[in-house]
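**Student:** Please find one structure pasted underneath; my questions will follow.
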Amino acid sequence: MAKQSRPQKKTMERVMHEYKHGELKTARGRRKVKSRKQAIAIALHEAGASKYDSPKKRSRNLRRTKSKERRGRTAMQEREGRGAMRKLDASKRSRRSSRTSRSRKGAAVKRARSSRAKRAKR
């Protein structure tokens, strides 16, 4: 399987979020999805990343899904508000930046310790 593009990853995230919160429904929209494997299959299909579809069908699926997200017609957006996708993106960005700042602090502490050790040897 080829590497997924950013829009495909975002769609996968959204669909799995809906599944975790019990909002993901089958194609007809009558029953909720209970199987994780089925949720993954739906996510891949919506993201246009399923290996069982032709390239033309994949691009059409992704286009359809993105237009649905822009209109606010996803279960996640209907339940949590139209800005739910932006909130999800912002929370991921803030977590990522805090992780990198922690690693930078750790690197600075290591450098300080090593320079102290070198001075002690002199």
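The values are calculated or read from the model by the stated rules, or taken from the named source; none is laboratory data. Note that the structure is a prediction, hence the values are computed from the model and not measured. With ideal geometry, Cβ positions are generated from the backbone for all residues, glycine too; neighbour counts draw on all protein chains shown.
**Student:** Provide a single number: the residues in segment 38-60 that are out of contact with any helix residue (DSSP H, G or I) (no Cβ under 6 Å at 6 or more places or on another chain) and over 17 Å from Lys25 (Cα atoms).
**Tutor:** 10
**Student:** While we're looking at this one, here's another question. For segment 38-72, give me each residue that is surrounded by 12 or more Cβ atoms within 10 Å (Cβ to Cβ), farther than 14 Å from Pro7 by Cβ and not hydroxyl-bearing (Ser, Thr, Tyr).
**Tutor:** Selection gives Gln38, Ala39, Ile40, Ala41, Ile42, His45, Asp53, Lys57, Gly72.
**Student:** Further question on the same structure: Suppose the filter is over 19 Å from Arg70 (Cβ atoms) and not assigned by TED's automatic domain parsing to the domain that holds Ala90; does Arg14 pass it?
**Tutor:** No.
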